[in-house]
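Take a look at the structure below.
The values are calculated or read from the model by the stated rules, or taken from the named source; none is laboratory data. What you see is a predicted model; the values in this text were computed from it and never measured. Quick reminder, even Gly has a Cβ in these numbers, built from the backbone with ideal geometry, and neighbours come from all protein chains shown.
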Amino acid sequence: MSDTVETAARTAPAAVIVGIDGPSGTGKSSTSKAVAAKLGMRYLDTGAQYRAITWWMLSNGIDVDDAAAVADAAGKPEIVSGTDPSAPTIAVDGADASGPIRTQQVTAAVSAVSAVPEVRTRLTELQRAIAAGAPEGIVVEGRDVGTTVLPDADVKIYLTASPEARAARRSGELKGKEAADLAATQAALVKRDAADSGRKTSPLAKAADAVEVDTTELTLEQVIECVVTLVEEKRSA
Ligand SMILES: Nc1ncnc2c1ncn2[C@@H]1O[C@H](COP(=O)(O)OP(=O)(O)OP(=O)(O)O)[C@@H](O)[C@H]1O
Ligand SMILES: Nc1ccn([C@H]2C[C@H](O)[C@@H](COP(=O)(O)O)O2)c(=O)n1
(Lines give C-alpha, C1' and ligand atoms only; values in the text may rest on other atoms or scores of the structure.)
(Ligands and ions follow the chains in the order given, each with its own letter.)
Protein backbone atom coordinates (compact mmCIF):
# COMPACT_ATOMS: atom_id res chain seq x y z
CA MET A 1 0.00 0.00 0.00
CA SER A 2 1.42 3.47 -0.90
CA ASP A 3 1.81 6.10 1.88
CA THR A 4 -1.06 8.17 0.48
CA VAL A 5 -3.51 5.27 0.31
CA GLU A 6 -2.45 4.09 3.76
CA THR A 7 -3.05 7.58 5.25
CA ALA A 8 -6.48 7.82 3.58
CA ALA A 9 -7.44 4.41 4.95
CA ARG A 10 -6.39 5.47 8.44
CA THR A 11 -8.21 8.83 8.40
CA ALA A 12 -11.44 7.96 6.52
CA PRO A 13 -14.39 7.82 8.97
CA ALA A 14 -15.87 4.36 9.44
CA ALA A 15 -19.11 3.65 7.53
CA VAL A 16 -21.44 3.95 10.47
CA ILE A 17 -25.04 2.76 10.19
CA VAL A 18 -27.55 4.78 12.21
CA GLY A 19 -31.21 3.82 12.76
CA ILE A 20 -33.65 6.48 13.96
CA ASP A 21 -37.15 5.30 14.93
CA GLY A 22 -40.13 6.78 16.70
CA PRO A 23 -43.74 7.84 16.30
CA SER A 24 -45.00 10.47 13.88
CA GLY A 25 -43.91 14.08 14.41
CA THR A 26 -41.06 13.32 16.79
CA GLY A 27 -38.53 14.82 14.37
CA LYS A 28 -37.12 11.71 12.67
CA SER A 29 -36.93 13.15 9.14
CA SER A 30 -35.63 16.59 10.12
CA THR A 31 -33.02 15.10 12.46
CA SER A 32 -31.94 12.27 10.14
CA LYS A 33 -31.46 14.53 7.11
CA ALA A 34 -29.48 17.10 9.08
CA VAL A 35 -27.25 14.51 10.79
CA ALA A 36 -26.53 12.75 7.49
CA ALA A 37 -25.74 16.06 5.75
CA LYS A 38 -23.43 17.23 8.57
CA LEU A 39 -21.51 13.94 8.67
CA GLY A 40 -21.32 13.27 4.91
CA MET A 41 -23.55 10.21 5.12
CA ARG A 42 -26.47 8.96 2.99
CA TYR A 43 -30.09 9.22 4.20
CA LEU A 44 -33.04 6.86 3.76
CA ASP A 45 -36.67 7.65 4.62
CA THR A 46 -38.35 4.24 4.93
CA GLY A 47 -41.72 5.90 5.64
CA ALA A 48 -41.58 7.45 2.17
CA GLN A 49 -41.26 3.92 0.73
CA TYR A 50 -44.35 2.72 2.64
CA ARG A 51 -46.18 5.82 1.44
CA ALA A 52 -45.01 5.17 -2.15
CA ILE A 53 -46.32 1.60 -2.23
CA THR A 54 -49.59 2.84 -0.67
CA TRP A 55 -49.93 5.52 -3.35
CA TRP A 56 -49.37 2.88 -6.04
CA MET A 57 -52.10 0.65 -4.49
CA LEU A 58 -54.58 3.54 -4.39
CA SER A 59 -53.70 4.63 -7.95
CA ASN A 60 -54.21 1.10 -9.23
CA GLY A 61 -57.63 0.59 -7.65
CA ILE A 62 -56.50 -1.89 -5.01
CA ASP A 63 -58.64 -1.97 -1.86
CA VAL A 64 -56.10 -1.15 0.86
CA ASP A 65 -58.27 -2.88 3.47
CA ASP A 66 -58.10 -6.15 1.51
CA ALA A 67 -54.85 -7.59 2.88
CA ALA A 68 -54.82 -10.46 0.36
CA ALA A 69 -55.11 -8.06 -2.59
CA VAL A 70 -52.38 -5.82 -1.16
CA ALA A 71 -50.15 -8.89 -0.59
CA ASP A 72 -50.67 -10.08 -4.19
CA ALA A 73 -49.67 -6.68 -5.57
CA ALA A 74 -46.79 -5.97 -3.16
CA GLY A 75 -44.08 -7.02 -5.62
CA LYS A 76 -45.39 -5.06 -8.59
CA PRO A 77 -44.32 -1.42 -8.26
CA GLU A 78 -40.69 -0.48 -8.75
CA ILE A 79 -39.65 1.81 -5.90
CA VAL A 80 -36.43 3.81 -6.08
CA SER A 81 -35.15 6.00 -3.22
CA GLY A 82 -32.52 8.70 -3.77
CA THR A 83 -30.37 8.99 -0.64
CA ASP A 84 -28.74 12.44 -0.90
CA PRO A 85 -29.78 14.07 2.42
CA SER A 86 -29.97 17.52 0.82
CA ALA A 87 -32.31 16.28 -1.95
CA PRO A 88 -33.88 12.91 -1.12
CA THR A 89 -36.12 11.48 -3.83
CA ILE A 90 -38.73 8.75 -4.19
CA ALA A 91 -39.90 7.36 -7.53
CA VAL A 92 -42.53 4.74 -8.36
CA ASP A 93 -42.29 3.03 -11.75
CA GLY A 94 -40.01 5.83 -12.90
CA ALA A 95 -42.32 8.70 -11.86
CA ASP A 96 -41.51 11.22 -9.11
CA ALA A 97 -43.84 10.40 -6.19
CA SER A 98 -42.58 12.93 -3.64
CA GLY A 99 -45.72 15.09 -3.87
CA PRO A 100 -48.50 12.48 -4.09
CA ILE A 101 -47.18 10.41 -1.16
CA ARG A 102 -47.83 13.33 1.24
CA THR A 103 -51.59 13.63 0.56
CA GLN A 104 -54.17 13.02 3.32
CA GLN A 105 -55.50 10.07 1.30
CA VAL A 106 -52.12 8.30 1.43
CA THR A 107 -51.57 9.23 5.10
CA ALA A 108 -54.95 7.70 6.00
CA ALA A 109 -54.23 4.44 4.10
CA VAL A 110 -50.54 3.86 4.85
CA SER A 111 -50.94 2.05 8.19
CA ALA A 112 -53.21 -0.58 6.62
CA VAL A 113 -50.82 -1.23 3.72
CA SER A 114 -47.73 -1.29 5.95
CA ALA A 115 -49.33 -3.92 8.21
CA VAL A 116 -49.30 -6.48 5.37
CA PRO A 117 -46.34 -8.88 5.88
CA GLU A 118 -45.58 -9.20 2.12
CA VAL A 119 -45.24 -5.42 1.88
CA ARG A 120 -42.87 -5.36 4.86
CA THR A 121 -40.74 -8.22 3.52
CA ARG A 122 -40.37 -6.50 0.16
CA LEU A 123 -39.44 -3.09 1.61
CA THR A 124 -37.20 -4.50 4.34
CA GLU A 125 -35.11 -6.26 1.66
CA LEU A 126 -34.89 -3.04 -0.32
CA GLN A 127 -33.86 -1.04 2.77
CA ARG A 128 -31.13 -3.52 3.71
CA ALA A 129 -29.75 -3.46 0.16
CA ILE A 130 -29.63 0.35 0.18
CA ALA A 131 -27.85 0.41 3.57
CA ALA A 132 -25.36 -2.22 2.42
CA GLY A 133 -24.55 -0.09 -0.65
CA ALA A 134 -23.62 3.04 1.30
CA PRO A 135 -19.85 3.10 1.92
CA GLU A 136 -20.13 6.61 3.42
CA GLY A 137 -22.48 5.29 6.11
CA ILE A 138 -26.20 5.98 6.25
CA VAL A 139 -28.91 7.34 8.52
CA VAL A 140 -32.08 5.26 8.10
CA GLU A 141 -35.31 6.51 9.66
CA GLY A 142 -38.54 4.68 10.25
CA ARG A 143 -40.54 2.65 12.73
CA ASP A 144 -38.71 -0.72 12.83
CA VAL A 145 -35.17 0.09 11.74
CA GLY A 146 -33.52 -0.73 15.07
CA THR A 147 -35.69 -3.77 15.78
CA THR A 148 -36.02 -5.46 12.37
CA VAL A 149 -34.46 -3.77 9.34
CA LEU A 150 -30.97 -3.19 10.73
CA PRO A 151 -30.75 -4.92 14.13
CA ASP A 152 -26.93 -4.61 14.00
CA ALA A 153 -26.95 -0.84 13.37
CA ASP A 154 -24.02 0.91 15.06
CA VAL A 155 -26.17 3.64 16.60
CA LYS A 156 -29.88 3.31 17.41
CA ILE A 157 -31.99 6.26 18.44
CA TYR A 158 -35.65 6.24 19.49
CA LEU A 159 -37.23 9.70 19.38
CA THR A 160 -40.34 10.51 21.41
CA ALA A 161 -42.38 13.65 22.17
CA SER A 162 -45.73 14.31 23.80
CA PRO A 163 -48.80 14.03 21.49
CA GLU A 164 -49.48 17.75 22.18
CA ALA A 165 -46.02 18.81 21.00
CA ARG A 166 -46.19 16.57 17.94
CA ALA A 167 -49.63 17.86 16.94
CA ALA A 168 -48.47 21.46 17.39
CA ARG A 169 -45.44 20.80 15.16
CA ARG A 170 -47.61 19.20 12.49
CA SER A 171 -50.21 22.00 12.65
CA GLY A 172 -47.41 24.52 12.18
CA GLU A 173 -46.76 22.93 8.78
CA LEU A 174 -50.38 23.28 7.68
CA LYS A 175 -52.09 26.36 6.32
CA GLY A 176 -55.38 28.13 7.15
CA LYS A 177 -58.33 25.94 8.09
CA GLU A 178 -56.31 22.76 8.56
CA ALA A 179 -53.93 24.49 11.00
CA ALA A 180 -56.83 25.61 13.20
CA ASP A 181 -57.88 22.05 13.98
CA LEU A 182 -55.16 21.06 16.41
CA ALA A 183 -57.39 18.50 18.16
CA ALA A 184 -58.13 16.68 14.90
CA THR A 185 -54.42 16.62 14.00
CA GLN A 186 -53.59 15.13 17.40
CA ALA A 187 -56.36 12.54 17.15
CA ALA A 188 -55.20 11.43 13.67
CA LEU A 189 -51.62 11.19 14.85
CA VAL A 190 -52.50 9.13 17.94
CA LYS A 191 -54.67 6.83 15.80
CA ARG A 192 -51.81 6.19 13.35
CA ASP A 193 -49.38 5.53 16.24
CA ALA A 194 -51.80 2.97 17.68
CA ALA A 195 -52.13 1.18 14.33
CA ASP A 196 -48.35 1.21 13.77
CA SER A 197 -47.60 -0.01 17.32
CA GLY A 198 -50.37 -2.60 17.34
CA ARG A 199 -49.71 -4.46 14.09
CA LYS A 200 -48.49 -8.05 14.33
CA THR A 201 -45.53 -7.81 11.96
CA SER A 202 -42.64 -5.59 12.98
CA PRO A 203 -44.58 -2.99 14.98
CA LEU A 204 -43.29 0.45 15.92
CA ALA A 205 -41.13 -0.26 18.97
CA LYS A 206 -37.97 0.89 20.70
CA ALA A 207 -35.07 -1.55 20.29
CA ALA A 208 -33.68 -2.70 23.65
CA ASP A 209 -30.30 -1.12 22.81
CA ALA A 210 -31.65 2.17 21.40
CA VAL A 211 -30.98 5.51 23.09
CA GLU A 212 -34.31 7.19 23.80
CA VAL A 213 -34.42 10.96 23.30
CA ASP A 214 -37.54 12.83 24.44
CA THR A 215 -37.67 15.85 22.11
CA THR A 216 -40.71 17.54 23.71
CA GLU A 217 -38.67 20.30 25.37
CA LEU A 218 -35.74 20.29 22.93
CA THR A 219 -35.21 22.44 19.86
CA LEU A 220 -34.53 20.64 16.60
CA GLU A 221 -30.93 21.94 16.74
CA GLN A 222 -30.45 20.37 20.20
CA VAL A 223 -31.75 17.01 18.96
CA ILE A 224 -29.45 17.13 15.92
CA GLU A 225 -26.46 17.97 18.12
CA CYS A 226 -27.27 15.10 20.48
CA VAL A 227 -27.41 12.57 17.63
CA VAL A 228 -24.28 13.96 15.92
CA THR A 229 -22.39 13.54 19.20
CA LEU A 230 -23.52 9.92 19.56
CA VAL A 231 -22.51 9.11 15.97
CA GLU A 232 -19.14 10.84 16.28
CA GLU A 233 -18.41 8.92 19.48
CA LYS A 234 -19.15 5.68 17.65
CA ARG A 235 -17.04 6.69 14.66
CA SER A 236 -14.01 7.42 16.79
CA ALA A 237 -14.41 4.36 19.04
N1 LIG B 1 -37.39 19.35 18.40
C2 LIG B 1 -38.27 20.00 17.63
N3 LIG B 1 -38.81 21.15 18.02
C4 LIG B 1 -39.71 21.80 17.26
N5 LIG B 1 -40.13 21.39 16.04
C6 LIG B 1 -39.60 20.24 15.58
C7 LIG B 1 -38.66 19.49 16.34
N8 LIG B 1 -38.34 18.39 15.62
C9 LIG B 1 -39.05 18.45 14.48
N10 LIG B 1 -39.80 19.57 14.45
C11 LIG B 1 -40.75 19.97 13.40
O12 LIG B 1 -41.84 19.05 13.52
C13 LIG B 1 -42.34 18.70 12.25
C14 LIG B 1 -42.31 17.19 12.09
O15 LIG B 1 -40.94 16.77 12.04
P16 LIG B 1 -40.48 15.52 11.17
O17 LIG B 1 -41.19 15.49 9.86
O18 LIG B 1 -38.99 15.53 11.16
O19 LIG B 1 -41.05 14.34 12.09
P20 LIG B 1 -41.13 12.78 11.77
O21 LIG B 1 -40.88 12.09 13.06
O22 LIG B 1 -40.24 12.44 10.65
O23 LIG B 1 -42.65 12.61 11.34
P24 LIG B 1 -43.32 11.49 10.40
O25 LIG B 1 -43.01 10.16 11.00
O26 LIG B 1 -44.78 11.78 10.48
O27 LIG B 1 -42.76 11.67 9.03
C28 LIG B 1 -41.48 19.46 11.23
O29 LIG B 1 -42.15 20.65 10.89
C30 LIG B 1 -40.22 19.78 11.99
O31 LIG B 1 -39.58 20.97 11.54
N1 LIG C 1 -40.08 1.58 8.91
C2 LIG C 1 -41.36 2.00 8.71
C3 LIG C 1 -41.63 3.30 8.28
C4 LIG C 1 -42.92 3.68 8.07
N5 LIG C 1 -43.91 2.81 8.27
C6 LIG C 1 -45.30 3.14 7.99
C7 LIG C 1 -46.09 3.54 9.21
C8 LIG C 1 -46.22 5.03 9.09
O9 LIG C 1 -47.46 5.48 9.64
C10 LIG C 1 -46.15 5.26 7.59
C11 LIG C 1 -45.64 6.59 7.12
O12 LIG C 1 -44.42 6.92 7.74
P13 LIG C 1 -43.96 8.45 7.90
O14 LIG C 1 -43.83 9.03 6.54
O15 LIG C 1 -45.03 9.13 8.69
O16 LIG C 1 -42.64 8.36 8.63
O17 LIG C 1 -45.33 4.23 7.09
C18 LIG C 1 -43.63 1.55 8.71
O19 LIG C 1 -44.57 0.75 8.92
N20 LIG C 1 -42.36 1.16 8.91
*Just wondering, is there one or more residues in the stretch 144-163 that are more than 19 Å from V16 (Cα to Cα), out of contact with any His (no Cβ under 9 Å at 6 or more places or on another chain) and among the basic types (K, R)?*
no
*Scan (1) within 22 Å of G19 (Cα to Cα); (2) in contact with a strand residue (DSSP E or B) (Cβ under 8 Å, 6 or more places away or on another chain) for the single condition A115 breaks and write down its number.*
(2)
*Would you confirm whether any residue within the stretch 21-31 is away from ligand 1 (no atom under 16 Å from the Cβ) and at pLDDT 95 or above?*
no
*Only one of V139, V110 is crowded, with 19+ Cβ neighbours inside 10 Å, at pLDDT 95 or above and away from ligand 2 (no atom under 11 Å from the Cβ); which?*
V139
*Only one residue in L159, L204, L189, L123 is part of a helix (DSSP H, G or I), of a type outside the set (V, I, T) and within 25 Å of C226 (Cβ to Cβ). Which one?*
L189
*the stretch 207-228, residues that are more than 12 Å from V155 (Cβ to Cβ) and either small (G, A, S) or assigned to a helix (DSSP H, G or I) (or both)*: A208, L220, E221, Q222, V223, I224, E225
*Of (1) at pLDDT 95 or above; (2) in contact with a helix residue (DSSP H, G or I) (Cβ under 6 Å, 6 or more places away or on another chain), S162 satisfies all except one. Which?*
(2)
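Anything in the stretch 168-187 that is at pLDDT below 90, in contact with a helix residue (DSSP H, G or I) (Cβ under 9 Å, 6 or more places away or on another chain) and within 15 Å of ligand 1 (Cβ to nearest atom)? List them, or say none.
Of everything in the stretch 168-187, those that are at pLDDT below 90, in contact with a helix residue (DSSP H, G or I) (Cβ under 9 Å, 6 or more places away or on another chain) and within 15 Å of ligand 1 (Cβ to nearest atom) turn out to be R170, S171, G172, E173, L174, E178, A179, L182, T185.
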_Residue within the stretch 229-237 that is β-branched (V, I, T), more than 16 Å from ligand 2 (Cβ to nearest atom), at pLDDT 90 or above and assigned to a helix (DSSP H, G or I) present_ = yes
*Enumeration of residues in the stretch 144-156 that are touching a strand residue (DSSP E or B) at 6+ places or on another chain (Cβ under 9 Å), within 14 Å of ligand 2 (Cβ to nearest atom) and either under 20 Å from T185 (Cα atoms) or of a type in the set (V, I, T) (or both)*: V145, T147, V149
*So which residues in the stretch 82-122 are within 16 Å of ligand 1 (Cβ to nearest atom) and basic (K, R)?*
R102
*asked:* What pairs come out if I take residues in the stretch 108-132 that are more than 13 Å from T54 (Cβ to Cβ) and pair them with residues that are among the acidic types (D, E) and in a helix (DSSP H, G or I) whose C-beta lies under 9 Å away, six or more apart or interchain?
replied: E118/D72
*asked:* So in the stretch 82-111, with the set limited to residues that are in contact with a helix residue (DSSP H, G or I) (Cβ under 6 Å, 6 or more places away or on another chain) and among the small types (G, A, S), which one is nearest to V35 (Cα to Cα)?
replied: S86
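Which residues, taken from the stretch 23-62, are within 9 Å of ligand 2 (Cβ to nearest atom) and part of a loop (DSSP other than H, G, I, E, B)?
P23, S24, G25, listed by residue number.
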*For residues that are within 17 Å of A37 (Cβ to Cβ), in contact (Cβ under 8 Å) with a residue 24 or more places away in the chain and over 17 Å from the mean Cα position of the chain (by Cα), scanning just the stretch 209-235, find the one that is surrounded by the most Cβ atoms within 10 Å (Cβ to Cβ).*
V231
*Output the number of the condition that T89 fails; it satisfies all remaining conditions of (1) polar (S, T, N, Q); (2) at pLDDT below 95; (3) closer than 30 Å to G137 by Cβ.*
(2)
